[in-house]
Amino acid sequence: MKNFSGKVLFLNRSDINTDEIIPARYLTENTKEALKPYLLEDINLEGFDNKKDIEGKAVIITRENFGCGSSREHAPWAFEVNDINLVIAPSFARIYKRNMFNCGMMAVELPAETIDQIFSVFSNHDTDLETVFNDGLFILTAANIMESFEFRISGFDRALVEAGGWVDYADSKY
Amino acid sequence: MGKTIAQKIFDSHIIDNPFEDIYVIRLDAVFCHEITTPIAINDLVSRGKDRVFDTSRIKAVIDHVTPAKDSKTALQGKILREWTRRHKINDFFDIGRNGVCHAIFPEKGFVRPGYTIIMGDSHTCTYGAFGAFGAGVGTTDLEVGILKGVCALGYPETIKINICGKIPDGVFAKDIILSIIGLIGVNGATNKVMEFAGPVVENMGMDARMTLCNMAIEAGATCGICAPDMTTVEYLWDFIKDEYKTKEAAQNDFSKYCSDPDATYEKIIDHDISILEPMVTFGYKPDNVKPASEMEGTKIDQVYIGSCTNGRIEDLRVAAKILKGNKISNALRGIVSPATTEIYRQALDEGIIATFLEAGFCVTNPTCGACLGMSNGIIAEGETCASTTNRNFSGRMGKGGMVHLMSPATAAATAIAGHITNSKLYKGK
């Protein structure tokens, strides 16, 4: 199973699309590793610098409809090669969410009010998130604040995270 | 209880329900292009699973960057080409006989009512125009589709959009779908199917229906869908005439893929288009839409007519009608890319290509190219493009550029005016 704990990168905007996550000009690469420097290069987000703000982060917390647009699995891959395997948002685009779990990564939905609360308490601090997978728990810590939030993923998504992906599972079963 | 089109197709293809909210369905076709397939092929090879579930149900095309623009894109084409040869996938469309995937696969008769189809491309939702269930997927789902002919999906709840009223002059399928996306938002149909119905859809040709369904993904939908009817039969007749004695028999058979009168919808939206104006996007989201009249005078550097949304023959005919006898403004440049080789040939025969050339357009080969900023018409930082494509995302057509989505008619009028315009030219006045 991949790592789902570490420092949090807050992206405070809804509808961040997969062209912003990894622009199409990099879809000519035939390896995942080549995508690493280009993650979030075209994001339309005031004050964000992809050259400085991604380093050392392991978790994204963001707003609604994350990963909309193109079906490119290069979007999860670009996160994966930057050691970011978990995105938390109120909602995701269908294909993006499927692609994350198909890669053994996690796209986890929390209610919009919870995300609001997390943004207001934590987004101005250097924040760590610990995932307790078996208990379905995220523990957020920053300075002297600590809060935990329950999460739920579907049985299929859980199976994919535990199996590390969908290809071998499907090949053995169908 | 009645079912929707999508539910009927889905139910007849379910082979497993391994978890509460997930269904594994059998696929009638898997389509491939050179951007998302090569990594799937390489992964299958590295897993020792270089197999395909059924060579006759897999179709492939090189369309995104064609001709190849550099060594990397040449390699993507090469991997796809060699894979089709290795597995004897006969329906492979290389340069010279290719086209934008969602234009060429329907044109070849590969999309039929009742089919389930996936492709590693989000605009696979286009195929719903034929009463098929077409869903865009990522590379892993594509890989499993290639290997096993199955896909795991959630059950398709449907939003029905009844489009009624008289289509005003100068308003086309593109304006209608832009107005719907503006209404429900880029997240308005996530995980849902958008069923387009009503008299306006019934009177539309297949090209217009494809434009409607094509942009369902811009509202987050899994697929757009229209009921198959005699228009669908006429389009497909050359491909199905050996299977049916008469067109009526075909229509009768396809009617099993129409929604029941008592089908359950998640939501029904009545959309009267009688006073709809030509629509244009602003900003970086496809739901940022305004009437073209409110964008009048907006500076444009490039006009682009093409793509899986609006590069079909009907689109080129409308644009050519407006361009005929006119020159495009010196303030901008124009590019037209007929969506397939066959459309290109047809446009040549009808004098459409000559009209574009005389107006001052650059006529380029069929390709996705500029739509997603990969080749054949990328714009510079700070430039704007009036485009018949489907996405106005930040950087979509080139870093730092702005895309205004619109119909081919508005794009052609804009090319002549030199700025966005709600022109009388396309109102037949």
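Residues in region A:130-166 that are β-branched (Val, Ile, Thr) and without any contact (Cβ under 8 Å) to a residue 24 or more places away in the chain were compared, and the one that is farthest from residue B:138 (Cα to Cα) is A:141. Before we move on, is residue A:56 free of Cβ contacts under 8 Å to residues at least 60 places away in the same chain and under 27 Å from residue B:144 (Cβ atoms)? So residue A:56 fails the test. Considered as a group, the residues in region B:215-248 that are among the polar types (S, T, N, Q) and in contact with a Gly (Cβ under 7 Å, 6 or more places away or on another chain) include one that is most open to solvent (accessible area, probe 1.4 Å), and that residue is B:231.
Residues in region A:51-68 that are within 12 Å of chain B (Cβ to nearest Cβ) and open to solvent by 10 Å² or more (accessible area, probe 1.4 Å): A:63, A:64, A:68.
Of all residues in region B:20-48, those that are over 16 Å from residue B:125 (Cα atoms) have Cβ atoms under 7 Å from Cβ atoms of residues that are among the charged types (D, E, K, R), 6 or more apart or on another chain, in B:24/B:16; B:36/A:72; B:36/B:121; B:40/B:143; B:43/B:143; B:44/B:50; B:44/B:143.
Say whether the condition of being within 27 Å of residue B:18 (Cβ to Cβ) and charged (D, E, K, R) is met by at least one residue in region A:112-134. Within region A:112-134, not a single residue is within 27 Å of residue B:18 (Cβ to Cβ) and charged (D, E, K, R). For residue A:145, the requirement of being of a type outside the set (D, E, K, R) and in contact with a helix residue (DSSP H, G or I) (Cβ under 9 Å, 6 or more places away or on another chain) is met.
Being closer than 21 Å to residue B:64 by Cβ, open to solvent by 10 Å² or more (accessible area, probe 1.4 Å) and either without any contact (Cβ under 8 Å) to a residue 12 or more places away in the chain or aliphatic (A, V, I, L, M) (or both) is the requirement here; does residue A:25 meet it? Considered against the rule, which asks whether it is closer than 21 Å to residue B:64 by Cβ, open to solvent by 10 Å² or more (accessible area, probe 1.4 Å) and either without any contact (Cβ under 8 Å) to a residue 12 or more places away in the chain or aliphatic (A, V, I, L, M) (or both), residue A:25 comes out as yes. Restricted to region B:56-72, and to residues there that are free of Cβ contacts under 8 Å to residues at least 40 places away in the same chain and surrounded by 15 or more Cβ atoms within 10 Å (Cβ to Cβ), the residue that is farthest from the other protein chains (Cβ to nearest Cβ) is B:60. The criterion of being more than 24 Å from residue B:64 (Cα to Cα), open to solvent by less than 10 Å² (accessible area, probe 1.4 Å) and assigned by TED's automatic domain parsing to the domain that holds residue B:404 does not hold for residue B:328.
Scanning region A:86-110 for residues that are touching a Pro at 6+ places or on another chain (Cβ under 9 Å) and open to solvent by 20 Å² or more (accessible area, probe 1.4 Å) gives A:90, A:109. Of note, residue A:17 does not satisfy the criterion of being at pLDDT below 95 and at the interface with chain B (Cβ under 9 Å from one of its Cβ atoms). Across region A:48-65, the qualifying residues are those that are among the charged types (D, E, K, R) and in a loop (DSSP other than H, G, I, E, B), and the one among them that is nearest to residue A:124 (Cα to Cα) is A:53. Taken as a whole, the condition of being within 14 Å of chain A (Cβ to nearest Cβ) and either surrounded by 19 or more Cβ atoms within 10 Å (Cβ to Cβ) or under 25 Å from residue A:71 (Cβ atoms) (or both) applies to residue B:193. For residue B:187, the criteria (1) in contact with a strand residue (DSSP E or B) (Cβ under 9 Å, 6 or more places away or on another chain); (2) crowded, with 24+ Cβ neighbours inside 10 Å hold in every case but one, which is (2). Applying the criterion of at least 3 residues that are away from every other protein chain (no Cβ under 13 Å) to the strands (runs of 3 or more DSSP E) found wholly in region B:338-427 leaves B:361-363, B:384-387.
Which one of the conditions (1) outside any loop (DSSP other than H, G, I, E, B); (2) open to solvent by less than 70 Å² (accessible area, probe 1.4 Å) does residue B:53 fail to meet, given that it meets all the rest? Going through (1) outside any loop (DSSP other than H, G, I, E, B); (2) open to solvent by less than 70 Å² (accessible area, probe 1.4 Å) one by one, residue B:53 breaks only (1).
Can you name the residue in region B:1-49 that is away from chain A (no Cβ under 11 Å), open to solvent by 60 Å² or more (accessible area, probe 1.4 Å) and assigned to a loop (DSSP other than H, G, I, E, B) and, of all such residues, is nearest to residue B:138 (Cα to Cα)? Of everything passing the filter in region B:1-49, B:12 is nearest to residue B:138 (Cα to Cα).
The number of residues in region B:157-171 that are surrounded by 23 or more Cβ atoms within 10 Å (Cβ to Cβ) and either aromatic (Phe, Trp, Tyr) or modelled with pLDDT under 95 (or both) comes to 1.
The values are calculated or read from the model by the stated rules, or taken from the named source; none is laboratory data. Keep in mind it's a predicted model, so treat the numbers as computed, not measured. Here the Cβ is made from the backbone with ideal geometry for all residues, glycine too, and neighbour counts use every protein chain on show. For the accessible areas, the whole protein counts, side chains as well, though only heavy atoms, and no ligand, DNA or RNA atoms are used. Shrake-Rupley method; radii C 1.70, N 1.55, O 1.52, S 1.80 Å.
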